[in-house]
Amino acid sequence: MKFDRRNRSDRTALSELNYHLLTTVGVSPEEATPSDLMRAVAHEARQQLAERWVHTQAAERAAKVRRVYYLSMEFLIGRSLGNALDALELRDDAAAAVQDHARRLEDVEEQEPDAALGNGGLGRLAACFLDSMATLALPSFGYGIRYEYGMFAQDILDGRQVEHPDPWLADGTPWEFPRAGINVAVCFGGWVEQRGEVSVWHPAGEVRAKACDMVIPGHGTRHVGTLRLWKPAAPAHIDLRAFNSGDYARAAEVKNEFENISWVLYPNDSTPAGRELRLRQEYFFVAASVHDIVSRHLAEHGGLGNLADKVAIHLNDTHPAIAVAELMRLLLDQHAVAWVDAWAQCRRVFSYTNHTLMPEALETWPVGLLQQVLPRHLQIILRINHDFLVEAAHHRPGDDDFLRRVSLIEEAGERRVRMAHLSIVGSHKVNGVSALHSTLLVKTIFADFASLYPERFTNVTNGVTPRRWLAQANPGLAALIDRSIGSGWRQELDRLRELEPLADNADFRAAFARIKRANKERLATWMARELGLTVDPGSLFDVQVKRIHEYKRQLLNLLHVVTRYHAILLNPRADWVPRTVIFAGKAASSYHMAKQIIRLIHDVGAVVNNDPLVGDRLKVVFVPDYGVSIAECIMPAADLSEQISTAGTEASGTGNMKLALNGALTIGTEDGANIEIRDQVGDANIFLFGHKAHEIAELNRGGYQPLRLYEADARLKAVLDAIASGRFSPEEPDRYRGVVDALLWGGDHYKLLADYDSYLVAQQRVDALFRDGERWVRHAIANVAGMGAFSSDRSVGTYASQIWNMQPRAPQP
């Protein structure tokens, strides 16, 4: 059968699909597999997006627009096919076309691997922001790294996390546009020669950064944004002489030395080699990106005098902070801009989002390592620091301790460059990501900078894209909302408020409950198939899905699980609310305690899930290799959202928003965006517990004694004794002694024991409400209705108007 696209008037979704099967995928339509169909549908979507994309770029060049460039180490975009079909309004046509091949579109979509370009909330936030930038028609680029293997694929072996490469590019991706003509020389090492006032960097090595673009479709608009990812290429692929002599390992050394920069996200930095690789990785993508930005500006404007008028560069956390020094280097060394003028431009160009309140999480680099890898940049940073300290000294004359605290260089012990300080000094705006986080930033870790630059600090609370996290993840609920209030909520999430009165409508409540039950059955079916575990869809699905870290307190959740288990054993005939406790998340490869928590979850689950006295009244599930696609299955099924970090540690969170948007009730501390969620949904529709941030600080100052709490609470003592004595690890009784000792003798840094009793009381309130199914559904509807403030469109619109000096497009109905 012959297909000719030229001058055809009979183009249908099926004919386009078959055309791509033949000419792009190279298979007969009759023999196409689900994977073949995925690629064919993707290429049709890609073609239509490419046409819009080329038009978008041409229009922006012609208008010489101001652009925002979003620099991030992570972009956790997940699968792209479903999002593209929705943006192009092709879903129904695509479903009909694949149905003619006896396939369901959902099964075809599942053939696409998640893009392994991120790990957690930082990367997913960046992906949501790209979606909103495109939807709001903001001229923008995202810049990052084209990781070959992501952070890692998580497997569980005997309850232990095992890391494997995540080869998401093994079969290529239809969404990538390699830019053969765009490659940038990125240099490392060497030395700096002074020629009077001029500094000349003589690097020791060079790698080429090649551009690979991915399209980011807007919704309700023909605007298409760009995610530009950099791939390293060694200057010479192999040493041919060594290869021909039979020394194959040496022949590939140069290639591997440079190209390993993009192998994995966040290489293990517990070794000197790992730390150097991570620094090289950060500089690699920053240098390529800044070069690309400056080159584009020169091509459009012919000079650099108006750089800050046309360019906004946003630093998503401290990973790209070296961009401040890199832009200064380009302006000074390659374009002969005077220092004063270059620094003035720099400060107007950059803005910075901080994502952590924990000082130990603020990135620093040893001065010696920077001298070795980026000697010219260290020289520039030292000059910036000198000028800044002179300025700071005028603000606080004679206060040497103040100067020590704000200095870009940590002088105590090993001298280190403080990248957060560089970001603050080099930016015109610095923001936190929730109201509480932003308040604490200026009162705690950045208080000194806030005294210097009070107008520089602001807040932009995080948000999530409703297109991905409701329309695509929960099509049943999205369809119900469409029938009830129209579809305009996809671009104007505030319209969800119109659902509030429908909580009193019995038919709406019944439909809402049916959709939640269907989502839970779908997840239960997945668990049975993939994990071999049977759970009751009628049980309360209690969900904590996020990066495994002590401050996120998965361990506190587990203490409640064991407490509940003990209570069931004491009174098995009681009318217990059945509960399925679902964990998911990855631990950093070198984070021993987080890995121990994962193992403890599995060991507790092995005992609880197989105890005949418990039956279906309590199940513990750990979902391995958590990512975007599995989140899209878990979140619509959740009844309870665990947001239980120690108050004052979580910057914002976005999982809390996604879960509430899908009708889960939150149990949480007054931390991050939980407070703002409470303000939107109302006190009656959330379960808050635990010490507040200022009370945690008072505990720290007052000599907190967790051992006293242990001795005073028989339930807590029984739980910790069971864990420490090997009740859940009889083959190795001391396996979790260190976990318990960290709580009792190690200071309980994240105050699990301080919040334990309050947490249990809140969980009892959860049980009481869940018993009354009608009331629970009313509260769930209230949560969905209150989520309008947490759209990433609102977040990006605020960044645009208050930080980037840009005007986003008005939402389209």
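The values are calculated or read from the model by the stated rules, or taken from the named source; none is laboratory data. Every value quoted in this text rests on a predicted model; they were computed, and no experiment measured them. When we count neighbours, we look across all protein chains shown, and the Cβ atoms used for this are built from the backbone with ideal geometry, even at glycine. Just so you know, the surface numbers come from the protein's heavy atoms only, side chains and all, with ligands and any DNA or RNA stripped out. Shrake-Rupley method; radii C 1.70, N 1.55, O 1.52, S 1.80 Å.
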Just how far, in whole angstrom, is segment 500-514 from segment 261-313 if you go by their alpha carbon centroids? 50 Å
Hydrodynamic radius of segment 756-811 per Kirkwood, over alpha carbon pairs, in Å: 14.5 Å
Mind ranking 668-675, 268-275, 580-587 by how tightly packed they are, going by the mean number of other C-beta atoms within 10 angstrom, highest first? 668-675, 580-587, 268-275
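Quick one: with all protein chains in place, what share of the accessible area of the chain is carbon or sulfur, to the nearest percent (1.4 Å probe)? Provide the component values of the computation, followed by the final result.
Details: 15830 of 31240 Å².
Carbon plus sulfur share of accessible area: 51 percent.
Can you list which of the GluC sites (Glu not before Pro) found in segment 687-794 are DSSP loop residues with at most 15 other C-beta atoms within 10 Å? Show your work: numbers first, answer last.
Working: sites: E695, E698, E711, E731, E774; in loops: E731.
Those satisfying the criteria are E731.
Using the Kirkwood radius built from alpha carbon pairs, what does the Stokes-Einstein equation give as D for segment 59-106 at 25 °C and 0.890 mPa s, in µm² per second? Kindly include the intermediate steps, with their values, before the conclusion.
Details: Rh = 14.0 Å.
Here the translational diffusion coefficient equals 175 µm²/s.
Where Rh denotes the Kirkwood radius from the mean inverse Cα pair distance, what is Rg over Rh for segment 374-443?
Numbers: Rg = 13.5 Å, Rh = 13.5 Å.
When Rh is taken as the Kirkwood radius, the ratio is 1.00.
Taking 28 Å as the cut-off for C-alpha to C-alpha distance, list the pairs among K520/K546; K429/K586; K429/K751 that go past it. The partial results should precede the final answer.
Working: K520/K546 19 Å; K429/K586 32 Å; K429/K751 33 Å.
Flagged as over cut-off: K429/K586; K429/K751.
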Around A673: net Lys/Arg minus Asp/Glu count, Cβ-Cβ under 12 Å: -3
Excluding residues on the same chain fewer than 8 positions from K210, give the lysines whose Cα lies under 21 Å from its Cα. K231, K255
Rolling a 1.4 angstrom probe over the protein chains, ignoring ligands and nucleic acids, what is the accessible area of C633 in square angstrom, nearest 10? 20 Å²
P(r) for segment 579-710: what percent of alpha-carbon pairs falls in each 5 Å bin, starting at zero? 2, 9, 15, 16, 19, 19, 13, 6, 1, 0
Could you let me know the centre-to-centre spacing of segment 586-619 and segment 351-403, using Cα atoms, in angstrom? 43 Å
Using helices alone, what [θ] at 222 nm do you get for the chain, with -39,500 (n - 2.57) per DSSP H run of 4 or more residues, divided over all residues and rounded to the nearest 500? -14000 deg cm²/dmol
Under 17 Å from a point 7 Å along the Cα-to-Cβ line of L382: which residues of segment 318-343 have their amide N that close? 325-326, 329
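Give me Rg over Rh for segment 437-553, both radii from the alpha carbons and Rh done the Kirkwood way, two decimal places. Walk me through the numbers on the way to the answer.
Details: Rg = 20.6 Å, Rh = 18.3 Å.
Ratio of gyration radius to Kirkwood radius: 1.13.
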C-alpha center-to-center spacing [segment 42-70, segment 330-348] in angstrom: 30 Å
Would you mind computing Rg(Cα) / (2.2 N^0.38 Å) for segment 491-565, counting N as its residues? 1.51
Under 5 Å between amide hydrogens, which residues at least 5 positions from F457 or on another chain qualify, with H placed 1.01 Å from N in the peptide plane? V430
Calculated Rg and Dmax of segment 271-325 using C-alpha coordinates, Å: 13.8, 45
Would you please give the residues with an amide H less than 5 Å from that of L540, counting only those at least 5 places away or on a separate chain, with H modeled from the backbone geometry? R579, T580
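For a protection proxy built on the mean count of beta-carbon atoms within 10 angstrom, sort 92-102, 684-694 highest first, please.
Values: 92-102: 16.8, 684-694: 19.2.
Descending mean neighbour count gives 684-694, 92-102.
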Scan around A185 for amide H atoms under 5 Å from its own, H built in the peptide plane at 1.01 Å from N, and keep only partners 5 or more places away or cross-chain. A209
Straight-distance crosslink candidates among lysines, where the alpha carbon sits under 18 Å from K64 and sequence neighbours closer than 8 are dropped: K310
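When only the heavy atoms of the protein chains count and the probe is 1.4 Å, how do L769, L90 rank by accessible area, highest first? List each step's numbers first, then the result.
On the way: L769 10, L90 30 Å².
Greatest to least solvent exposure: L90, L769.
Ranked highest first by average number of other Cβ atoms within 10 Å, how do 172-178, 188-194 line up?
Numbers: 172-178: 16.3, 188-194: 14.6.
For the peptides 172-178, 188-194, the packing ranking is 172-178, 188-194.
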Vicinal HN-Hα couplings computed from phi for segment 57-67 (Karplus, 6.51 cos²θ - 1.76 cosθ + 1.60; Hz; Gly/Pro x): 5, 5, 5, 5, 5, 5, 7, 6, 6, 7, 10
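With a 1.4 Å probe and every protein chain left in place, work out the accessible area per residue of the chain in Å², rounded to a whole number.
Working: 31240 Å² over 813 residues.
Spelled out: the 1.4 Å probe surface of the chain, per residue, equals 38 Å².
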Karplus-derived HN-Hα couplings along segment 38-47 (A = 6.51, B = -1.76, C = 1.60, θ = phi - 60°), whole Hz, x at Gly and Pro: 4, 5, 5, 4, 4, 5, 5, 5, 4, 4
